[in-house]
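The values are calculated or read from the model by the stated rules, or taken from the named source; none is laboratory data. Worth saying up front: this structure is predicted, and the values here are computed from it rather than measured. Cβ atoms come from the backbone with ideal geometry, glycine included; neighbour counts cover every protein chain shown. Protein only, heavy atoms only, side chains kept; ligands, DNA and RNA dropped before computing areas. Shrake-Rupley method; radii C 1.70, N 1.55, O 1.52, S 1.80 Å.
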Amino acid sequence: MAPKLAYQAYIADNHEEATRELDADLRKSLRSVFRSADNPPPLEYLASTSNLNFEAFGDSEPEPIVFMSKEEEDYLVEQYSFQGFGKTLQFYLDQNRRRSHEFAASQGNFTIPCPVLAILPTKDSVAYWPHAMKLIGSEKFLPNLVVRETPTAHNPQLERPEEFNQMVEEFLNNILEQTEAQTSEDGTSVREEL
């Protein structure tokens with residue numbers, strides 16, 4: 001799992017350089033990232049701590065984003081042209097991760113008690129997310145976690161939107177059924193209170 005997360009160390013340590021690398025050719029960068037399970041990036045891509053390794057694609061342009069129309073891809077490139085990748089990489093910066101952790105820790109809030117749905121891709125070239133969740137012990141922090149898996153790459157909501165939406169709908173319907181069965185002390189259902 002770890003070698004494919006090497007890009008995170010590179011971005012954290014070289015934010016400006018990584019931004020320049022991604023911004024140099026927005027279409028190539030976006031096509032490199034938005035891949036499907038049937039169209040994974042080369043194994044060497046994102047596996048370096050010294051660059052993003054676009055060389056892994058060779059001299060050829062990465063194929064168009066398979067789950068977007070040409071117009072959608074053009075729109076995505078246009079939107080990234082306004083600000084580039086700099087603001088989208090903020091999550092990878094150590095100080096931002098630390099602040100996020102410190103904020104949660106300072107409140108003593110280490111769990112999310114409400115129902116949580118995690119739809120995990122099982123063919124992501126970056127990591128095998130079901131194992132990653134077990135490794136970090138997600139269920140300890142999410143006691144009402146529901147995990148669903150789908151054979152997609154990193155963006156199941158884009159690669160298989162119908163399947164993704166059905167999983168979300170089933171999850172929400174299940175919550176609705178559970179809340180309708182519960183009543184408050186005065187006999188009012190939780191749904192009526194909302």
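Numerical summary
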read-out: Residue among 81, 142, 66 farthest towards the positive dipole end of the chain, charges placed on Cβ; value: 142
read-out: Count of Lys pairs (Cα-Cα under 29 Å; at least 8 positions apart or interchain) in the chain; value: 14
read-out: Distance in nm between pseudo-label sites at residue 72 and residue 131 (7 Å out along the Cβ direction from Cα); value: 3.0
read-out: Stretchable slack from residue 165 to residue 16, in nm (0.36 nm times residue separation minus alpha-carbon distance); value: 50.0 nm
read-out: Candidates 39, 174, 144: whichever shows maximal mean-square fluctuation once the chain is modelled as a Gaussian network with Cα springs under 10 Å; value: 174
read-out: D_trans [Stokes-Einstein, Kirkwood Rh over alpha-carbon pairs] for the range 44-155, 37 °C, 0.692 mPa s, µm² s⁻¹; value: 187
read-out: Antiparallel %, DSSP beta bridges [both residues in the chain], to 5; value: 25
read-out: Förster radius 30 Å - calculated FRET efficiency between residue 59 and residue 141 (Cβ-Cβ, nearest 0.05); value: 0.10
read-out: q = 0.10, 0.14, 0.15, 0.18 Å⁻¹, the chain: log10 I(q)/I(0) [Debye, one scatterer per Cα]; value: -0.56, -1.00, -1.11, -1.38
read-out: Sparsely packed chymotrypsin sites (Phe, Trp or Tyr not before Pro) within the range 111-173, loop by DSSP, other Cβ within 10 Å at most 13; value: none
read-out: At most 13 other Cβ within 10 Å, DSSP loop - chymotrypsin sites (Phe, Trp or Tyr not before Pro), the range 41-127; value: 110
read-out: Cα-centre dipole for the range 89-192 with unit charges at Cβ (Lys and Arg positive, Asp and Glu negative), debye to 20; value: 680
read-out: Computed magnitude of the charge dipole of the range 16-144 (debye, nearest 20; Cβ of K, R +1, Cβ of D, E -1); value: 760
read-out: Taking the chain and dividing mean pair separation by its residue count, relative contact order in percent (alpha carbons under 8 Å, at least six apart); value: 22
read-out: FRET E, pair residue 100, residue 122, Förster distance 35 Å, beta-carbon r, rounded to 0.05; value: 0.85
read-out: Solvent-accessible ranking of 77, 66, 33, largest area first, probe 1.4 Å; value: 66, 33, 77
